[in-house]
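Scroll down for the structure; my scribbles are underneath it.
The values are calculated or read from the model by the stated rules, or taken from the named source; none is laboratory data. For clarity, every value in this text was computed on a predicted model and none was experimentally measured. Please note: Cβ atoms are built from the backbone with ideal geometry, for glycine as well, and neighbour counts cover all protein chains shown. Calculation scope for accessible area: heavy atoms of the full protein, side chains included, ligands and nucleic acids excluded. Shrake-Rupley method; radii C 1.70, N 1.55, O 1.52, S 1.80 Å.
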Amino acid sequence: MADLTHLQSLLDREAKSLQVPGAAVGVLFDGAEHVLTTGVTSVDAPTPVTGDTLFQIGSTTKTVTATAIMHLVERGRLDLDGRVRQYLPDFRLADERAADELTVRHLLTHTGGFLGDIDDGESWDTGALAASIDAYDRLPQLFPPGALASYNNAGFRLLGRVIEAVCGEPYEHAVSRIVLEPLGMSSSFFFPWEVATRPHAVGHTVREDGPQVAHTWGLFRESMPEGGLVSSVRDQLRYAAFHLGASGEEPVGAATRELMQAEHVPVGVPWTGIGLPWLLDEQAGVRLVTHGGNIGNLQLSAFVLAPERGFAVTTLTNSAPGKALGNLVTDWCLEHLLGATPQAVRLTLREPTPEYVGGYDAGQWTFEVDEHLTARFVLCPELVAAGVEGMPDMPLALVEGCDDVTLAAAPQRAVGRFLRDDAGEVAFLHLAGRAARRIRDTSR
């Protein structure tokens, strides 16, 4: 039995230091489950976090959506390389050729090519998802399907609509029936009125005087397939155990799980590759199959599998610094439980040049890059009005000999790259897994 006393100490200490009001950690190691918690669900109404506290897990939901998709593929009701229009004949994109070529696999691997971060509506009607998809003919097509991987929330919204069309029922009902119920995930929900009657964490903004409760849910119904699941750390461990092959053949079999965790698109940074739709990485020779989530910088989560080691760790938190906390927890586990200690690396850097300066549009925000290569996040007015927390400026540095960028303060690994067009001009900033199109060149 692993002794996680030091991990509990780290969790308590770092959550307090980082101003994360509450967190829950689940570890699966040597066939045993461990749950560690710290802090409270809300600073306004402090209740201790437990292993049954519900958190919004954000984009880890995409892997649940994908598991339902692959269930339908296994049963011959969907073709992985089938055109989306086979299932949604009236589907439209701004680029007609792209709409005709788009496949289920493109959506699962974030290679659809259309703008991926789009605004939410404010509806909880059963038709909200379909109504959102009907507006996709307004989305810019940044590159042809399959040409480049760029993290795409809108693509998973579309996959949710495909599930509705094939199953003949709302997305949430289908996924509950196909995935949640067979795995015994009885503490996982999509609707806020289901969560409201159960112990749950609320999101917090972090101000100079400390964390403050954010009075917002953060998502509406059309966003459920991309990030809407609310779950407990115990349920997340059940989900992890299934994808590690520890429980049964439902909702998908072992071959399909392995297919989902295999590399389908090489990326390079910030991940080594993309599966269906797992984000793939490696540390000290240990292959990692990962995802995570972020609900408006209010609730953040991490989810990491090491399939060959039968290991999993997940961290659920209720403030923006929870991302850093999740990284610390994951790194501790990899080092102390799997012996995967990261090697100290310092990349060789070069001075920035004016050709990179300008604005890069990611949809719901822009990156404003200055002459020092500092990227400033500028949220769209709708998100600001909705109370979404912004991100701090990100000082970047260029890696010698290429267009890759790293964090200036910690140049251990590339976190993104500038991409050039056929004429050799800087056209995109690929950062946080997303290709943000250059909309303004202020270098001249």
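So the values come out like this:
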| read-out | value |
| --- | --- |
| Leading residue at positive end of dipole, the range 154-295 (Cβ point charges), from 159, 202, 284 | 202 |
| Option label - Rg and Dmax of the Cα atoms in Å computed here, alternatives (i) 21.0, 62; (ii) 32.2, 112; (iii) 24.8, 73 | (i) |
| Taking the chain and dividing mean pair separation by its residue count, relative contact order in percent (alpha carbons under 8 Å, at least six apart) | 18 percent |
| Charge context of residue 156, other residues only, Cβ under 9 angstrom, K/R +1, D/E -1 | +1 |
| Ranked by how many other beta carbons lie within 10 Å on average, peptides 160-167, 132-139 from highest | 160-167, 132-139 |
| Surface share of carbon and sulfur [accessible, 1.4 angstrom probe, percent] for the range 341-442 | 55 percent |
| Contact order relative to length of the range 133-221, as percent, for alpha carbon pairs under 8 angstrom and 6 or more apart | 13 percent |
| Long-range HN-HN contacts of residue 311 with modeled amide H, under 5 Å | 306 |
| Backbone HN-Hα couplings from phi across the range 303-320 [Karplus 6.51/-1.76/1.60, Hz, Gly and Pro as x] | 8, 9, 10, 10, x, 5, 10, x, 10, 8, 9, 9, 10, 10, 9, 10, 7, 4 |
| Among 90-98, 22-30, 418-426, the order from most to least packed when residues are scored by Cβ within 10 Å on average | 22-30, 90-98, 418-426 |
| Listed residues 297, 168, 267: farthest to the positive end of the dipole of the chain (Cβ charges) | 267 |
| The range 1-85, relative contact order in percent, only Cα pairs under 8 angstrom and at least six apart counted | 18 percent |
| Distance from the range 173-208 to the range 136-154 (C-alpha centre basis), Å | 29 Å |
| Ranked by how many other beta carbons lie within 10 Å on average, peptides 175-184, 119-128, 366-375, 344-353 from highest | 175-184, 366-375, 119-128, 344-353 |
| Within-10-Å neighbourhood charge of residue 110 [Cβ basis; K, R +1; D, E -1] | +2 |
